[in-house]
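A.B. asks: Quick one: the structure is below, questions incoming.
The values are calculated or read from the model by the stated rules, or taken from the named source; none is laboratory data. This is a predicted model, so every value here is computed, not measured. Quick reminder, even Gly has a Cβ in these numbers, built from the backbone with ideal geometry, and neighbours come from all protein chains shown.
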Amino acid sequence: MSTKQQERSNLIGLTKVDYNGGPSTLCQGCGHNSIANQIIQVAYELSIRPQELIKLSGIGCSSKSPAYFLGQSFGFNSLHGRMPSIGTGAFVANRNLRAIGVSGDGDTGSIGMGQFKHVVRRNTRMVYIVENNGVYGLTKGQFSATADEGQVLKYAGENEFPPVDICLEAIIAGAGFVARSFSGDAKQVRELLKAALSFNGTAVLDIISPCVAFNNQDTSTKSYSYGKEHETPLHDFGWVPPSEEIVIDEYEPGTMKVVEMPDGSYIQLRKLDEDYDPTDKLGALHRLQWAQQNHEFITGLVYYNPHRPNLAEVGKLVDTPLAYLPAEKLRPPKEKLDEIMAELM
Amino acid sequence: MGVLEAAPEDVAVRKRPSPVNDFSMVVATVNGTGSQTANLALLRAFFKMGIPVNGKNIFPSNIQGLPTWYHIRVSHEGYVARRHTSEILVAFNQTTVHEDIQNLPEGGVCIYNADWRSIPQRDDITYYAVPVNQFVRDTGMKGKLRDYIANMVYVGAVAFLLDIPIEKIDEALHHHFNGRRKLVDSNMSVVRAAYDWSAANLEKQDPYRVEPMDATAGQILITGNDAAALGAVFGGVTVTAWYPITPSTSLVDALNTYLPQLRTDPETGKATYAVVQAEDELSAIGMLLGAGWAGARAMTATSGPGISLMAEFTGLGYFAEIPAVIWDIQRVGPSTGLPTRTGQGDILFTYYLGHGDTQNVVLLPATVKECFEFGSTSFDLAEQLQTPVFVLSDLDLGMNNWMSEPFTYPAEPLQRGKVLSADEVQEKGFARYKDIDGDGIPYRTIPGNEHPKAAWFARGTGHNANAVYSERPEDWVSNMARLAHKFETARELVPSPVLDEAADAEFGILAYGTTQFAIDEARNRLAAEGIKSSFMRLRALPINQDVRDFIARHKRVYVIELNRDGQMHKILQTEVPALATKLVSLAHLDGMPLTARWVVEAILEKREAVNGDR
Ligand SMILES: Cc1ncc(C[n+]2csc(CCOP(=O)(O)OP(=O)(O)O)c2C)c(N)n1
Ligand code: SF4
Ligand SMILES: [Mg+2]
């Protein structure tokens with residue numbers, strides 16, 4: 001082995017390439033791709049054995065992404081909004097598995113809201129990532145439940161309804177790890193992912209992840225309508241303007257960063273102060289509400305409480321994964337059946 | 001008079017040789033008054049006397065206040081089907097007493113509460129008035145307990161009037177209260193007082209009574225749901241996810257009773273199982289698929305409305321090929337329908353559940369013994385075939401107590417299907433959806449497998465043999481063809497039908513599930529009139545060659561079932577189109593278990609109509 005290769009191997013002898021998945025079929029510049037890349041990077045840096053990790057998702061552009069990372073890990077791309085139940089079943093079947101669940105804002109905030117709240121309530125151990133773009137990407141640009149009130153999109157018109165805040169919902173449902181970040185802030189995403197992977201219950205990561213395709217301001221050269229006017233007729237429907245991934249420079253705790261979104265609008269990110277106390281539940285709720293009123297997204301670890309037992313602990317499950325119990329642990333002996341039969345006579 | 005000229009009623013109305021150990025009794029009470037203890041005490045007392053017996057609770061969708069009827073059939077011949085009429089009425093519900101008395105046949109018996117002002121008078125039945133309030137007052141009990149104690153009063157009176165030895169009631173209550181003597185004694189004091197009072201004050205005028213037999217020796221009495229739960233426990237269930245719904249809830253209740261007793265790891269005191277109460281049935285089946293994918297034996301129990309919510313996941317389970325076991329304890333739909341009444345209305349829905357081209361394996365238990373067996377073998381089939389397996393019980397089977405020979409310990413080891421270990425992946429390689437053995441069943445690996453090439457990506461999207469996303473038409477076609485082929489393999493793996501063939505049968509009968517008890521009785525009655533039939537009872541879908549042969553060798557086959565539209569009839573017509581015209585649907589649904597009388601009448605009527613072919 002050359003020294004160059006050795007350098008590239010992590011503690012368990014795998015190179016970063018070993019953590020790759022299949023090629024992404026998402027739009028170039030889609031925030032979801034950056035998150036997938038950070039997952040690869042983190043798994044490599046943490047020397048995670050691909051065999052002990054499972055990837056789960058619902059349906060949506062975001063939910064496709066588990067196919068694009070950790071190709072040596074088992075994966076389950078399930079139904080729209082139903083990833084949490086798959087994760088719950090898999091976790092009780094094999095409590096040793098670490099799970100990364102990927103969902104979208106539609107997948108979690110609308111159709112899957114019930115399962116989201118309940119997976120958090122049960123504290124199923126998994127990293128639950130919501131790749132939040134405020135729209136339905138895969139069905140081409142409808143508003144999702146996290147879209148801002150008053151936001152205007154070409155396809156969907158003006159959004160008349162208040163947004164669902166994933167972090168608020170998670171905290172209220174009892175989550176013990178709730179964080180928010182931005183897909184373009186690779187370093188923060190990685191840090192939060194690493195922390196989330198070591199959490200003993202459901203760790204919710206709400207990651208703002210811009211959709212570059214449904215960028216619908218007529219005046220913008222990157223807009224859908226602009227593209228349609230200038231398209232070559234061969235690509236009639238699915239034309240998406242190539243665009244650059246949005247990447248931001250580092251910014252200091254307590255400071256704010258204004259980021260231009262693909263549709264020309266801006267979002268404001270505020271990194272939580274160093275003296276912010278993420279163990280104060282009421283404080284966290286208050287801070288989130290305040291941020292929402294002021295149209296900014298606070299980023300970082302919003303709430304942390306490691307004290308709730310997870311579902312396998314509550315169920316007092318044996319240490320051996322249920323799926324790996326030998327037959328003699330699964331079928332009680334004949335005498336037991338005979339005893340019960342005698343009682344029923 | 002020749003058999004064929006006989007008016008249907010002549011055959012349908014039974015001749016009754018003796019009123020000893022051969023009658024039906026109905027106890028009419030108000031829901032929520034605790035009459036279930038009293039009714040089960042009577043049921044088990046008959047059973048302990050060695051007399052074949054069956055009890056059916058006809059209850060309302062209500063917690064308290066609506067009428068409920070408990071039917072007990074006592075039959076020295078061993079018949080357990082519901083009877084159309086009951087000779088003995090225990091009238092303890094003033095709201096329904098008029099109708100209840102109206103329903104008594106000539107010569108019937110009415111035991112009622114003497115404190116009621118007026119009850120309908122008929123001069124062709126015998127009345128026994130029991131002063132309930134007096135007994136209740138004597139106990140000094142207050143409030144709700146009074147209603148409960150009132151029920152024990154009729155137990156005492158019935159015991160005297162039917163000749164049930166009082167110690168058999170004691171034994172029955174002892175069983176019911178799990179040997180807690182204090183409870184038994186306090187109940188027995190009321191039973192005894194009522195018994196003694198009846199002996200001193202009532203003059204027996206009707207002929208109905210019981211005599212000890214030895215027809216139940218060595219038998220057990222159990223509900224289908226309890227039996228299914230036991231089967232699952234001995235079948236190695238590891239993950240149960242569920243959402244409460246009548247009439248399936250008691251199955252999971254039984255799991256929650258038996259699992260801690262039987263499946264707590266003796267070394268660590270920890271659970272070798274998990275039971276998760278989900279937020280809805282959609283989530284419940286999602287948990288099954290997550291668990292089944294990860295290698296657990298996962299099950300749920302639900303009923304029609306829950307099945308409706310499971311449609312999308314069932315299709316995913318079929319297509320991604322994930323094992324799961326779904327018990328459907330059928331009740332009457334559509335919609336909320338008659339939630340506490342029985343039926344067989346989910347057969348079409350479950351067989352094809354899922355959008356696109358979906359077909360599911362459906363098991364059809366008829367007895368508590370089959371509930372126990374399928375409780376275990378359903379997991380074997382789900383894992384062998386790597387697909388969701390439905391088990392269709394019904395409210396009558398699931399919630400009522402049935403006699404049975406004791407269950408036998410499974411002879412076969414658990415069948416875990418084609419699961420590759422890391423070494424096997426190394427040796428043979430692995431392609432998740434490749435048909436290696438030619439039976440349509442591919443090999444799978446489960447998460448935790450250490451081989452770097454063991455992982456695969458479960459998905460509901462089109463995929464090739466390596467589970468990689470594919471929209472190629474030929475990939476789609478070949479995968480779906482393999483799934484269809486796998487379903488052909490299933491025909492030979494599922495439980496085969498049970499056949500009772502008569503040499504000179506005039507026609508055949510095809511049925512499934514609990515209708516068999518009415519059919520057995522009806523066939524005997526018809527045979528006594530010279531009308532011979534063969535009976536094939538289906539125990540699973542898809543059907544196998546035996547079923548095709550059975551239809552082929554009979555001139556006509558009646559398909560009997562408890563639904564309006566003849567759902568199994570429809571399925572069979574599409575399964576054997578060339579023989580479809582031989583199949584005659586006899587379908588009926590009013591929420592009640594089928595009676596032999598209905599079967600006889602329906603067959604004779606249809607037979608009359610087509611009897612050009614005598
Ligand atoms: C039951 C069901 N209803 C509707 C759909 C169609 N559908 C697919 S993805 C999607 C929305 C996805 O939005 P989101 O979760 O925000 O993911 P994104 O594509 O934006 O990443 C919808 C409605 C579906 N697949 N299943
Ligand atoms: S449509 Fe939007 S969300 Fe979907 S891949 Fe393209 S950029 Fe990403
Ligand atoms: Mg979205």
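A.B. asks: Taking the stated definitions as given, is B:Val233 out of contact with any Phe, Trp or Tyr (no Cβ under 6 Å at 6 or more places or on another chain) and within 10 Å of chain A (Cβ to nearest Cβ)?
C.D. replies: For B:Val233, the condition - out of contact with any Phe, Trp or Tyr (no Cβ under 6 Å at 6 or more places or on another chain) and within 10 Å of chain A (Cβ to nearest Cβ) - is not met.
A.B. asks: What do you reckon, is B:Asn93 in contact (Cβ under 8 Å) with a residue 40 or more places away in the chain, farther than 30 Å from B:Ile519 by Cα and in a loop (DSSP other than H, G, I, E, B)?
C.D. replies: yes
A.B. asks: Still on this structure: Using the structure shown, decide if A:Arg82 is charged (D, E, K, R) and either more than 11 Å from ligand 1 (Cβ to nearest atom) or in contact with a strand residue (DSSP E or B) (Cβ under 6 Å, 6 or more places away or on another chain) (or both).
C.D. replies: So A:Arg82 fails the test.
A.B. asks: If you don't mind, there's one more thing I want to ask. So for the range A:146-153 (the condition being surrounded by 19 or more Cβ atoms within 10 Å (Cβ to Cβ) and within 11 Å of ligand 1 (Cβ to nearest atom)), does at least one residue qualify?
C.D. replies: Within the range A:146-153, one or more residues are surrounded by 19 or more Cβ atoms within 10 Å (Cβ to Cβ) and within 11 Å of ligand 1 (Cβ to nearest atom).
A.B. asks: Just checking, how many residues over the range A:88-127 are within 16 Å of ligand 1 (Cβ to nearest atom), surrounded by 24 or more Cβ atoms within 10 Å (Cβ to Cβ) and among the small types (Gly, Ala, Ser)?
C.D. replies: 6
A.B. asks: I'd like the full set of residues that are charged (D, E, K, R) and either in a loop (DSSP other than H, G, I, E, B) or at the interface with chain A (Cβ under 8 Å from one of its Cβ atoms) (or both), limited to the range B:435-466.
C.D. replies: B:Asp435, B:Asp437, B:Asp439, B:Glu450, B:Lys453, B:Arg459
A.B. asks: Which ones in the range B:305-319 are over 11 Å from B:Leu289 (Cβ atoms) and among the β-branched types (Val, Ile, Thr)?
C.D. replies: If the condition is that a residue be over 11 Å from B:Leu289 (Cβ atoms) and among the β-branched types (Val, Ile, Thr), then B:Ile307 is the only one that fits.
A.B. asks: Hey, among the residues in the range A:58-73 that are more than 12 Å from the chain's Cα centre (by Cα) and of a type in the set (Ser, Thr, Tyr), which one's farthest from ligand 2 (Cβ to nearest atom)?
C.D. replies: A:Ser73
A.B. asks: Among the residues of the range A:32-73, write down those that are aliphatic (A, V, I, L, M), away from ligand 3 (no atom under 16 Å from the Cβ) and not in a loop (DSSP other than H, G, I, E, B).
C.D. replies: A:Ile39, A:Ile40, A:Val42, A:Ala43, A:Leu53, A:Ile54, A:Leu56, A:Ala67, listed by residue number.
A.B. asks: In addition: Read through the list (1) of a type in the set (A, V, I, L, M); (2) within 14 Å of another protein chain (Cβ to nearest Cβ); (3) touching a strand residue (DSSP E or B) at 6+ places or on another chain (Cβ under 8 Å); (4) touching a residue at least 60 places away in the same chain (Cβ under 8 Å), then give the number of the only condition that B:Met399 fails.
C.D. replies: (2)
A.B. asks: In the range A:185-212, what residues are within 16 Å of ligand 1 (Cβ to nearest atom) and part of a loop (DSSP other than H, G, I, E, B)?
C.D. replies: Of everything in the range A:185-212, those that are within 16 Å of ligand 1 (Cβ to nearest atom) and part of a loop (DSSP other than H, G, I, E, B) turn out to be A:Ser209, A:Pro210, A:Cys211, A:Val212.
A.B. asks: Just one of the numbered conditions (1) modelled with pLDDT of 95 or more; (2) assigned to a loop (DSSP other than H, G, I, E, B) is not true of A:Gly29; which one?
C.D. replies: All conditions pass for A:Gly29, except number (1).
A.B. asks: Just to check your reading of the model, which residue among B:Gly286, B:Gly290 is crowded, with 24+ Cβ neighbours inside 10 Å and either in a loop (DSSP other than H, G, I, E, B) or touching a Lys or Arg at 6+ places or on another chain (Cβ under 6 Å) (or both)?
C.D. replies: B:Gly286
A.B. asks: Still on this structure: Take the range A:317-329 and flag every residue that is assigned to a loop (DSSP other than H, G, I, E, B), facing chain B (nearest Cβ under 7 Å) and under 28 Å from the mean Cα position of the chain (by Cα).
C.D. replies: Matches in the range A:317-329: A:Pro321 only.
A.B. asks: Scan the range A:128-144 for residues that are touching a Gly at 6+ places or on another chain (Cβ under 6 Å) and within 9 Å of ligand 1 (Cβ to nearest atom) and jot them down.
C.D. replies: Scanning the range A:128-144 gives A:Glu131, A:Val135, A:Tyr136, A:Leu138, A:Ser144.
A.B. asks: Hey, can you tell me all the residues within the range A:156-184 that are part of a helix (DSSP H, G or I) and either in contact with a strand residue (DSSP E or B) (Cβ under 6 Å, 6 or more places away or on another chain) or closer than 26 Å to A:Lys140 by Cβ (or both)?
C.D. replies: A:Ile166, A:Cys167, A:Glu169, A:Ala170, A:Ile171
A.B. asks: State whether one or more residues within the range A:43-57 are within 23 Å of A:Tyr136 (Cβ to Cβ), free of Cβ contacts under 8 Å to residues at least 40 places away in the same chain and within 16 Å of ligand 2 (Cβ to nearest atom).
C.D. replies: Taking every residue of the range A:43-57 in turn, none turns out to be within 23 Å of A:Tyr136 (Cβ to Cβ), free of Cβ contacts under 8 Å to residues at least 40 places away in the same chain and within 16 Å of ligand 2 (Cβ to nearest atom).
A.B. asks: Output the residue which, of all residues in the range B:399-420 that are hydrophobic (A, V, I, L, M, F, W, C) and touching a Gly at 6+ places or on another chain (Cβ under 9 Å), is surrounded by the fewest Cβ atoms within 10 Å (Cβ to Cβ).
C.D. replies: Among them, the one singled out is B:Val419.
A.B. asks: Need at least 1 residues that are within 11 Å of chain B (Cβ to nearest Cβ) and touching a Lys or Arg at 6+ places or on another chain (Cβ under 9 Å) per element, so show me which helices (runs of 4 or more DSSP H) inside the range A:80-130 make the cut, counting only ones lying wholly within it.
C.D. replies: A:83-93, A:113-122
A.B. asks: Note down all Cβ pairs under 9 Å where the first residue falls in the range B:194-221 and is more than 21 Å from B:Ile72 (Cβ to Cβ), the second is in a loop (DSSP other than H, G, I, E, B), and they're at least six residues apart or on different chains.
C.D. replies: Listed by first residue and then by second, the contacts come to B:Trp197/B:Pro131; B:Asn201/B:Pro131; B:Gly218/A:Met345; B:Gly218/B:Glu405; B:Gly218/B:Pro406.
A.B. asks: Given the criterion more than 19 Å from A:Asn33 (Cβ to Cβ), within 16 Å of ligand 3 (Cβ to nearest atom) and either surrounded by fewer than 24 Cβ atoms within 10 Å (Cβ to Cβ) or under 13 Å from the mean Cα position of the chain (by Cα) (or both), identify the matching residue among A:Glu160, A:Glu169.
C.D. replies: A:Glu169
A.B. asks: Give the range A:131-155 a look and list any residue that's in a loop (DSSP other than H, G, I, E, B), over 17 Å from A:Ile111 (Cα atoms) and either more than 14 Å from ligand 2 (Cβ to nearest atom) or within 14 Å of another protein chain (Cβ to nearest Cβ) (or both), or say none.
C.D. replies: Result: A:Asp148, A:Glu149, A:Gly150, A:Gln151.
A.B. asks: Consider the range B:51-90. How many of its residues are in a strand (DSSP E or B) and of a type in the set (D, E, K, R)?
C.D. replies: 3
A.B. asks: While we're here: For the range A:37-69, which residues satisfy the criterion of being in contact with a Phe, Trp or Tyr (Cβ under 8 Å, 6 or more places away or on another chain) and within 12 Å of ligand 1 (Cβ to nearest atom)?
C.D. replies: Of everything in the range A:37-69, those that are in contact with a Phe, Trp or Tyr (Cβ under 8 Å, 6 or more places away or on another chain) and within 12 Å of ligand 1 (Cβ to nearest atom) turn out to be A:Ser57, A:Gly60.
A.B. asks: Return a yes/no flag: does the range B:241-253 have any residue that is within 10 Å of chain A (Cβ to nearest Cβ) and part of a strand (DSSP E or B).
C.D. replies: yes
A.B. asks: Has the range B:167-177 got at least one residue that is modelled with pLDDT of 90 or more, touching a Cys at 6+ places or on another chain (Cβ under 7 Å) and not in a loop (DSSP other than H, G, I, E, B)?
C.D. replies: For the range B:167-177, residues modelled with pLDDT of 90 or more, touching a Cys at 6+ places or on another chain (Cβ under 7 Å) and not in a loop (DSSP other than H, G, I, E, B): absent.
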